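So the structure is just underneath, and the comments pick up after that.
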Amino acid sequence: MVRPEWPFMEKKFKELERKREREVVFVGNMCDLFHEKVPDDFISRVFSEMFNQPRHTFLLLTKRAEHMRDFVNDYLPEAGYDMRRDFPHVWLGVTAENQQRANERIPVLLEADAENHWASLEPLLSPIDLTTLPCTEKLDGEGADYLDALRGSTYWPGGEHGANVNYLKWIAVGGENGAKARRMDPAWPRQLRDDCKRAKSTVFYFKGWGKYYMGIEPYHKNTTEVEYRGLDGHFYNDRPFITKGTV
């Protein structure tokens, strides 16, 4: 699906209105809300619905970081909204399967003036270092070279600190599924997990190995949950937001 259909999304929002429990909602999980073929007035209707339902948590995920940033920083203020004030229950996210995509999308995502930012590193197809991303002029006008997306800081090659900026509050990591799935080296999610531990600010969530357990053995019917979703024998299921609860 390229363009989401409003009747379908409107139906889903109306169903949410009747729920007594808090829900975590993946908005447009079969499409990209910020695809170039989706007009801003459509996106605005989605944000209006999210604004009216602050008890729920909404996750947005896109490959078009520039469109998301521009909508949040330019379109919403013109419509009378403030992203931080009016949408603290909305999480802005981008996908990145390798270092190149992380370099391209995550700095732009963090330019969006919002309370909550996250990244989906699934399928993880290469090692990704979130502490040495290229810095942008919008994040640091003084010209710092690098961005540490886990600590929310920019810096120069010698380590000199630059500006304090937005950071990733949550990353979700997982392997690839499907007949043509590519293997995820165990070192890749381990590095991300350990980097998050050292940063002490970003929550690490491990979704699973995908088709190949530990990047080696294909899954079979006797595969245990620990083997599928565990990383070094541990589950990483934490999320930095409330997932359930009566309101």
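Each value in this text was obtained by applying a stated rule to the coordinates, not by laboratory testing. Quick caveat: nothing in here was measured; it's all calculated off a predicted structure. Heads up, the Cβs are rebuilt from the backbone with ideal geometry, glycines too, and the neighbour counts pull from every protein chain shown.
Using a simple charge model, +1 on the beta-carbon of Lys and Arg, -1 on the beta-carbon of Asp and Glu, nothing else, what dipole does segment 16-95 show about its Cα centre, in debye to the nearest 20?
Details: 12 positive and 14 negative charges, 90 e Å.
For this selection, approximately 440 debye.
What Kirkwood radius, in Å to one decimal, follows from the Cα pairs of segment 31-104?
Working: mean 1/r = 0.0770 Å⁻¹.
Radius from the Kirkwood sum: 13.0 Å.
Give, as a single signed number, the net charge of other residues whose beta carbon lies under 9 Å from the beta carbon of ARG84, with Lys and Arg counted +1 and Asp and Glu -1. If you can, show how the numbers build up before the last one.
Details: positive: ARG85; negative: ASP82, ASP86, ASP113, GLU115.
Computed value for this residue: -3.
Nearest 5 percent is fine: what portion of the DSSP beta bridges confined to the chain is antiparallel? Intermediate values should be presented prior to the final figure.
On the way: 11 of 32 bridges.
Approximately 35 percent, going by the DSSP bridge assignments.
Step through the residues of segment 122-129 one at a time and calculate ³J(HN,Hα) from phi using the Karplus curve (6.51 cos²θ - 1.76 cosθ + 1.60, θ = phi - 60°), rounding each to whole Hz and writing x for Gly and Pro.
Those phi angles translate into 8, x, 7, 10, 6, x, 10, 9 Hz.
What are the residues whose amide H is under 5 Å from the amide H of VAL25, where those residues sit 5 or more places off or on another chain and H is modelled from the backbone?
Residues meeting the amide H criterion: THR57, PHE58, LEU59.
Once the dipole of the chain is set up with Lys and Arg at +1 and Asp and Glu at -1 on Cβ about the Cα centre, which of MET83, THR57, PRO134 lies farthest towards its positive end?
Of the options given, the answer is THR57.
If each DSSP helix of 4+ residues adds -39,500 (n - 2.57) and the sum is divided by the residues in the chain, what number results at 222 nm, nearest 500 deg cm²/dmol? Each step should come with its number before you reach the end.
Details: 7 runs with 65 residues, N = 247.
That comes out to -7500 deg cm²/dmol.
From the backbone phi of segment 64-75, what are the Karplus-calculated ³J(HN,Hα) couplings (6.51 cos²θ - 1.76 cosθ + 1.60, θ = phi - 60°) in whole Hz, Gly and Pro given as x?
Per-residue couplings from phi come out as 9, 4, 5, 5, 4, 4, 5, 5, 5, 7, 10, 5 Hz.
Taking the chain as a Gaussian network, where each spring joins two C-alpha atoms under 10 Å apart, which residue of MET50, MET184, MET30 fluctuates the most?
Largest GNM mean-square fluctuation: MET30.
Over the chain, with a Gaussian network built from C-alpha contacts below 10 Å, which listed residue (ASP41, ASP185, ASP70) shows the highest mean-square fluctuation?
ASP41
For segment 1-68, report the translational diffusion coefficient in µm²/s to the nearest whole number, using Stokes-Einstein at 4 °C, 1.567 mPa s, and a Kirkwood Rh over Cα pairs.
Numbers: Rh = 12.5 Å.
Rounded to a whole number, D works out at 104 µm²/s.
Residue by residue through segment 176-182, what is 3J(HN,Hα) from phi via Karplus (6.51 cos²θ - 1.76 cosθ + 1.60, θ = phi - 60°)? Round to whole Hz and write x for glycine and proline.
9, 10, x, 4, 9, 4, 9
Pick out which of ALA114, ALA179, ALA96 has the largest mean-square fluctuation in a Gaussian network model of the chain, springs linking Cα atoms closer than 10 Å.
Per the Cα network of the chain with a 10 Å cutoff, ALA179 tops the list.
Which entries in the list LYS138/LYS197; LYS37/LYS63; LYS169/LYS207 go over 25 Å, if you measure between the two C-alpha atoms of each?
On the way: LYS138/LYS197 28 Å; LYS37/LYS63 13 Å; LYS169/LYS207 16 Å.
In this structure, LYS138/LYS197 lie more than 25 Å apart at Cα.
Mind running the shape call on segment 115-174? Use the C-alpha gyration tensor, a ≥ b ≥ c as the square roots of the eigenvalues: rounded below 1.5 for a/c, prolate if a/b tops b/c, oblate otherwise.
Numbers: a/c = 2.62, a/b = 1.71, b/c = 1.53.
Prolate, because a/c is 1.5 or more and a/b exceeds b/c.
What residues qualify as long-range amide H neighbours of ALA163, i.e. H under 5 Å apart, gap of 5 or more or another chain, H built at 1.01 Å from N?
Counting only residues 5 or more places away or on other chains, the set is THR154.
If you take all C-alpha pairs in segment 6-229, what percent of them are over 21 Å apart? If you can, show how the numbers build up before the last one.
Working: 14660 of 24976 pairs.
That tail contains 59 percent of the Cα-Cα pairs.
Once you charge only the Cβ atoms, +1 for Lys and Arg and -1 for Asp and Glu, what is the size of the charge dipole of the chain about its Cα centre, to the nearest 20 debye? Don't jump to the answer; show the numbers that get you there.
Details: 35 positive and 39 negative charges, 244 e Å.
Charge dipole, the chain, about its Cα centre: 1180 debye, nearest 20.
For ASP145, list long-range residues whose amide hydrogen, built 1.01 Å from N in the peptide plane, is under 5 Å from its own amide hydrogen.
Residues meeting the amide H criterion: TYR155, TRP156.
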